[in-house]
Number of protein chains: 2
Amino acid sequence: VKTVRLALPERPYDVLIGAGVRRRLADVARQARAGQVVVISDQQVGALHAATLVGELHAAGVAASLLTVPAGEGSKSPVTAAHLWDELAQSGADRQTLVVACGGGVVGDLAGFVAATYARGLRYVQVPTTLLAMVDSAIGGKTALNLSAGKNLVGAFHQPEAVLADLDYLRTLPPAEYETGWAEILKCAVVADAALFGRLATQRPSGAGLEDVIGRCAEIKAGVVVADERDQGARAILNYGHTLGHALETTLGYGALSHGRAVAWGMVVAGQLSVRLGECAPEAAAAQDAALQAYGLLAPPSTIPRWEKLAGALAHDKKRVGGDTRWVLLQEIGRAVPGRSVPLETVRTVTEEVMAGARARDPRT
Amino acid sequence: VKTVRLALPERPYDVLIGAGVRRRLADVARQARAGQVVVISDQQVGALHAATLVGELHAAGVAASLLTVPAGEGSKSPVTAAHLWDELAQSGADRQTLVVACGGGVVGDLAGFVAATYARGLRYVQVPTTLLAMVDSAIGGKTALNLSAGKNLVGAFHQPEAVLADLDYLRTLPPAEYETGWAEILKCAVVADAALFGRLATQRPSGAGLEDVIGRCAEIKAGVVVADERDQGARAILNYGHTLGHALETTLGYGALSHGRAVAWGMVVAGQLSVRLGECAPEAAAAQDAALQAYGLLAPPSTIPRWEKLAGALAHDKKRVGGDTRWVLLQEIGRAVPGRSVPLETVRTVTEEVMAGARARDPRT
């Protein structure tokens, strides 16, 4: 079992990575003197894993119950959050209740937000079941809901008591979920670790190699979060590829394009913008694109949105500063810089070129 | 103009009290380098005051717009919060947007919660327009929504940039709102300031006397908040009278009983519980009750709920610890103690006695 510590000043916590680490949950609940545990999951993960988790808690003598929401991005909504608030009230939740988010990024963001806001803050544990959640979304205390105007427009910073990344869960992970995980892992390497990028570009890791890569990505994420918990500067580098990625998802409708492919296309655009603005050599962007291609992340979207629609979605990006969208740009493999302003015309030109390239590669056209 | 400083470690801020202090808002917005100001109000206060406030901002060269919700406790809901999140997105809000809560406790709690959670936290200013909000709810950073299971079950801690308590607003305040303000002012004196209580019991203050009293209550509130920002102990004394008060409001339906009368009856019950448990002399509770009576706060509720319903509402109190409702008890006028456990049978006996007394006093029975 690998342990990555988030040494936050107010309250440090650990990310545990390894097969079977979910069984530590009963100890976490006892250490927190939790009156009861409420596990929040989605209906797919609930049937596969969360019901087992609740059973294991019962067997360990911990009072626990399960709340589920429909699977998919649509559940990361104000309506579902309100439903969960009511369910928590019905289950007699109080400040001694421990919430557990068992699932992927959607469940982690949603359950984290509900925990952050019920009774002005319940303690919670992240039990990520997807590769993406293990390397990224379960770590760092960002919680969120989507609005129709854009992803993650609502949320709170609320750090978990612990993150238990149980590698057993990866055995049942669908291929599309692996894809999304690889996109975030490659992003992590591209912005922060050239050695990791080299390793990933050489061979797709599995088994113990995968465990190492997850641990390394968790370390990178932890380091960035500790340096900038409230996302006021440095943490923004993790948003590389997400500015256009979110706009693509908003424009095409959540789910039309996997999050992984949306981020991958966003990385291609961000890389080209970096070259165009003289921030990085064309070779760096090309190396990035080749790796994304090798991991199968550059299949074109089923529809390519018009620029006007993308521009409208970009106008709602919550990282805007005074009406100006800020971009994370690449400097070289392993190093990126946040907070850059880019002329909208340049964004348009590069995006249209990249999208035209995507269309040209589509076997259906 | 009186200034009360909230010397919080992370970021201090001021409460300004005086006629015309709302005009400082443009300066606050400029100091915060706000890109735009979004004023949130209700339809009543919006027409009376918030539209003027927006006009004054425009005149001072600050970009500002107004969002309104229906007046009344019903707007402190997840549905209205979701509506305001969408409206903020439509108005192009970003992290440079400054939210202004212009209204009473409902608007302050709702707009504060929306500001706390939009883009994981927008800065905001409280511009309280009621006596209650000036002495209590606008100070201290508690934000909240109600659920059907109980008041304030959802919320966040989010401190404002400033509180501008403009006494001009009190000139148009309806009598029922004064009533609610007096209940909180008397509560404040009863739990924290015997001298203030003596002054209030002698004569109902007005004019400059009222300004002094508001300033003193703001000081008391500020002191308690600074000692216990996250409500983990000492701050709970401000909840005196609110445990049963909230249960009465939940059981009777918000609005059937003014918040002031609900708190006043809750204070009577808390006082009698304190006497019964030997925490305070009967004379202290009697002095409290006489003052509540003198301020016209002990008119009986139109319906007196059955104990079983009140007990159900108490079971959802968010200050419960491990399934046990905690009470703030009186020790003497000017001193209270939080976190006390009281046998449910004692609560029942005392509540039924007090409610029977209320019924006996009702001229209609």
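The values are calculated or read from the model by the stated rules, or taken from the named source; none is laboratory data. Source: prediction; values computed, not measured. Heads up, the Cβs are rebuilt from the backbone with ideal geometry, glycines too, and the neighbour counts pull from every protein chain shown.
Quick look at the values:
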| quantity | calculated |
| --- | --- |
| Any hit, segment A:88-97, residues being within 19 Å of the chain's Cα centre (by Cα), among the hydroxyl-bearing types (Ser, Thr, Tyr), surrounded by fewer than 24 Cβ atoms within 10 Å (Cβ to Cβ) and within 14 Å of chain B (Cβ to nearest Cβ) | no |
| Check on B:GLU179, surrounded by fewer than 24 Cβ atoms within 10 Å (Cβ to Cβ) and either without any contact (Cβ under 8 Å) to a residue 24 or more places away in the chain or touching a strand residue (DSSP E or B) at 6+ places or on another chain (Cβ under 8 Å) (or both) | no |
| Number of the condition not met by B:HIS158 [criteria: (1) buried (at least 24 other Cβ atoms within 10 Å of the Cβ); (2) at negative phi] | (1) |
| Scope segment B:1-44; condition out of contact with any helix residue (DSSP H, G or I) (no Cβ under 7 Å at 6 or more places or on another chain) and hydroxyl-bearing (Ser, Thr, Tyr); matching residues | B:THR3, B:TYR13 |
| Those residues of segment B:232-272 which are part of a loop (DSSP other than H, G, I, E, B) and more than 14 Å from chain A (Cβ to nearest Cβ), in sequence order | B:TYR240, B:GLY241, B:GLY253, B:TYR254, B:GLY255, B:ALA256, B:LEU257, B:SER258 |
| Of all residues in segment A:103-136 being more than 14 Å from chain B (Cβ to nearest Cβ) and either in contact with a Phe, Trp or Tyr (Cβ under 8 Å, 6 or more places away or on another chain) or polar (S, T, N, Q) (or both), the one that is farthest from A:GLU56 (Cα to Cα) | A:LEU131 |
| Selected residue (only one of A:GLU279, A:GLU229 is in contact (Cβ under 8 Å) with a residue 40 or more places away in the chain, outside any helix (DSSP H, G or I) and either among the small types (Gly, Ala, Ser) or more than 24 Å from A:ILE139 (Cβ to Cβ) (or both)) | A:GLU279 |
| Selection from segment A:73-87 of residues that are hydrophobic (A, V, I, L, M, F, W, C) and either within 8 Å of another protein chain (Cβ to nearest Cβ) or within 18 Å of A:ALA149 (Cβ to Cβ) (or both) | A:VAL79, A:ALA81, A:ALA82, A:TRP85 |
| Yes/no for B:ARG320 being free of Cβ contacts under 8 Å to residues at least 60 places away in the same chain, under 22 Å from the mean Cα position of the chain (by Cα) and closer than 30 Å to A:ALA63 by Cβ | yes |
| Sole exception among (1) over 20 Å from B:GLU249 (Cβ atoms); (2) at pLDDT 90 or above; (3) of a type in the set (S, T, N, Q) for B:THR365, by number | (2) |
| Number of positions in segment B:300-317 that are assigned to a loop (DSSP other than H, G, I, E, B) and free of Cβ contacts under 8 Å to residues at least 60 places away in the same chain | 7 |
| Filtered residues of segment B:42-82 (kept if charged (D, E, K, R), in a helix (DSSP H, G or I) and within 19 Å of the chain's Cα centre (by Cα)) | B:GLU73 |
